[in-house]
Amino acid sequence: MLDANAPTDVVVFTVTPEAIERILELREAEDDPGGLALRVEITGTSGVEYAYDLTFDPIAEADEADVRYHQAGLPVIVPVGSIEQLTGATLDLPANGGPGLVLRNPNRPDPLSGKHLELTGSIAEQVEQLLQEQINPSLAAHGGFAELKGVDNTVVYVTMGGGCQGCAVSAMTLRDGIARSIQESIPEVTEVIDTTDHTAGENPFYS
């Protein structure tokens, strides 16, 4: 265990003041918000960019090798395996003023490394393959999963369950991670809609 008041002071990525305000608002919906940090981890690749997992984790449970720092009252944790890939990135609000967060990362993964999925079949079949083989293995680390609820022409409906349902950052994960991964991997998809009931779960934040 680590001393919650002992940050490493090495800033890996920056968080804009506007994003900090929104994240702190979301954190207030969690149990013991003052003891939680925003943890950002590289979970894999999505096309030519990295895929990310954003969670609120207890500061005291951070690993000794993790980087820990504060930005305007927001504690941040970056796992040791994600430090290099996140260095120099900026976490911000979307330029169009929409919901969620955007991580602008100048770093790109090696296109020759990792697993390349050959998706086949209808849009629904391709989404199912992507969820089961790439997205859900990453979400499983936090006890969650994403499920395809339906397809209407080129619009895909996805819901999150398990540990992701009611989590204050699950909507960000869906919007900025899963949705982008689906649209990049399946160009025919024009929109991914979150159908999760975020008023349910252990820590609802829309209620």
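The values are calculated or read from the model by the stated rules, or taken from the named source; none is laboratory data. Keep in mind that this is a model prediction, so the values were computed, not measured. So basically every Cβ, Gly included, is an ideal-geometry build from the backbone, and we count neighbours across all protein chains shown.
Beta carbons closer than 7 Å, at least 6 apart along the sequence or on distinct chains, pair a first residue in segment 27-56 that is assigned by TED's automatic domain parsing to the domain that holds residue 70 and within 20 Å of residue 136 (Cβ to Cβ) with a second that is basic (Lys, Arg) and surrounded by fewer than 20 Cβ atoms within 10 Å (Cβ to Cβ) for 46/180; 49/108.
Filtering segment 64-100 to residues that are surrounded by fewer than 16 Cβ atoms within 10 Å (Cβ to Cβ) and of a type in the set (A, V, I, L, M, F, W, C) leaves 65, 72, 80, 95. Does residue 65 satisfy being assigned to a loop (DSSP other than H, G, I, E, B) and outside the structural domain of residue 133 (by TED's automatic domain parsing)? Yes, satisfied. One residue stands out among those in segment 120-134 that are among the β-branched types (Val, Ile, Thr) and touching a residue at least 60 places away in the same chain (Cβ under 8 Å): the one that is surrounded by the fewest Cβ atoms within 10 Å (Cβ to Cβ), which is 123. Screening segment 11-41 for residues that are outside any loop (DSSP other than H, G, I, E, B) and acidic (Asp, Glu) and picking the one that is nearest to the chain's Cα centre (by Cα) gives 41.
So, in segment 101-119, how many residues would count as being within 21 Å of residue 82 (Cα to Cα), hydrophobic (A, V, I, L, M, F, W, C) and either surrounded by 13 or more Cβ atoms within 10 Å (Cβ to Cβ) or modelled with pLDDT of 90 or more (or both)? Qualifying residue count for the region: 3.
When residues in segment 137-167 are screened for being at pLDDT 80 or above and either surrounded by fewer than 18 Cβ atoms within 10 Å (Cβ to Cβ) or of a type outside the set (Gly, Ala, Ser) (or both), 14 of them pass.
All but one of (1) under 25 Å from residue 40 (Cα atoms); (2) among the hydrophobic types (A, V, I, L, M, F, W, C); (3) at pLDDT 80 or above hold for residue 123; which doesn't? So residue 123 meets the others, but not (1).
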